């Protein structure tokens, strides 16, 4: 029911925010933060799908990879690339995990990777941005956007929160609607290490 990918990506795109920031303490200037980063395993990719009457499905993904390139003086063309392995979905319930991996949702036996590739970054505040791009899952692609906020920076490691909503129906994963919402909410903590 979840189309995690995006997620992906989602969280990767976020990496491009640091550069927009130049006012707060510990916030890098575009020149300071410019460079190529690799998303680390310390990142946390979480999702939630509401259910009529309360509850719903909450979980995360354990396997993902990605990178982002912050270009000095050209934030709009920062590049974000994120790959997510839907087989790594975990909700804490084996039966639900098996269903999510099945052909009804991720079909992870046939589609082993969900991808996100950015095409635009827009600064929305001194430490925030919106990253837009193409999310591809289960053989379907659609334009998605994620909101990112810079949370940490030490000159080598950068951190940010990433959030966004995607429609399961865009990726042929809308089984169970309307009992389960067509909307998947992503809330991620992404960390990047400068290469």
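The values are calculated or read from the model by the stated rules, or taken from the named source; none is laboratory data. Since the structure is predicted, the reported quantities are computational estimates derived from the model, not experimental observations. Cβ placement follows ideal geometry from the backbone for every residue including glycine, while neighbour counts extend to all protein chains displayed.
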Exercise for review: Output the number of the condition that residue 30 fails; it satisfies all remaining conditions of (1) at pLDDT 95 or above; (2) buried (at least 18 other Cβ atoms within 10 Å of the Cβ); (3) more than 19 Å from residue 191 (Cβ to Cβ).
Suggested key: (1)
Practice item. Starting from residues that are without any contact (Cβ under 8 Å) to a residue 60 or more places away in the chain and over 13 Å from the mean Cα position of the chain (by Cα), keep the ones in region 132-142 and report whichever is surrounded by the fewest Cβ atoms within 10 Å (Cβ to Cβ). Key: 139
Practice item. Might you check whether a residue that is in contact with a strand residue (DSSP E or B) (Cβ under 7 Å, 6 or more places away or on another chain), surrounded by fewer than 17 Cβ atoms within 10 Å (Cβ to Cβ), at pLDDT below 95 and assigned to a strand (DSSP E or B) occurs anywhere in region 36-44? Key: yes
Check your understanding: Is it fair to say residue 54 is surrounded by fewer than 19 Cβ atoms within 10 Å (Cβ to Cβ) and either assigned to a loop (DSSP other than H, G, I, E, B) or at pLDDT 95 or above (or both)?
Key -> yes
Review point. Which one is surrounded by the fewest Cβ atoms within 10 Å (Cβ to Cβ) among residues in region 173-195 that are farther than 20 Å from residue 46 by Cα and in contact with a strand residue (DSSP E or B) (Cβ under 6 Å, 6 or more places away or on another chain)?
Key: 195
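Tell me the residue from 106, 64, 47, 99 that is buried (at least 17 other Cβ atoms within 10 Å of the Cβ) and within 18 Å of residue 192 (Cβ to Cβ), please. Lay out the reasoning, then the answer.
Numbers: 106 fails: within 18 Å of residue 192 (Cβ to Cβ); 47 fails: within 18 Å of residue 192 (Cβ to Cβ); 99 fails: within 18 Å of residue 192 (Cβ to Cβ).
Selected residue: 64, the only one of 106, 64, 47, 99 that is buried (at least 17 other Cβ atoms within 10 Å of the Cβ) and within 18 Å of residue 192 (Cβ to Cβ).
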Revision key, fill the gap. Scanning region 144-190 for residues that are assigned to a strand (DSSP E or B), touching a residue at least 60 places away in the same chain (Cβ under 8 Å), within 28 Å of residue 110 (Cβ to Cβ) and touching a helix residue (DSSP H, G or I) at 6+ places or on another chain (Cβ under 9 Å) gives 144, 146, 162, 164, 166, 180, 183, 184, 186, 188, 190
Point to revise | Residues satisfying the stated conditions in region 73-94, i.e. at pLDDT 95 or above, surrounded by fewer than 18 Cβ atoms within 10 Å (Cβ to Cβ) and not in a loop (DSSP other than H, G, I, E, B) | key: 87, 88, 90, 94
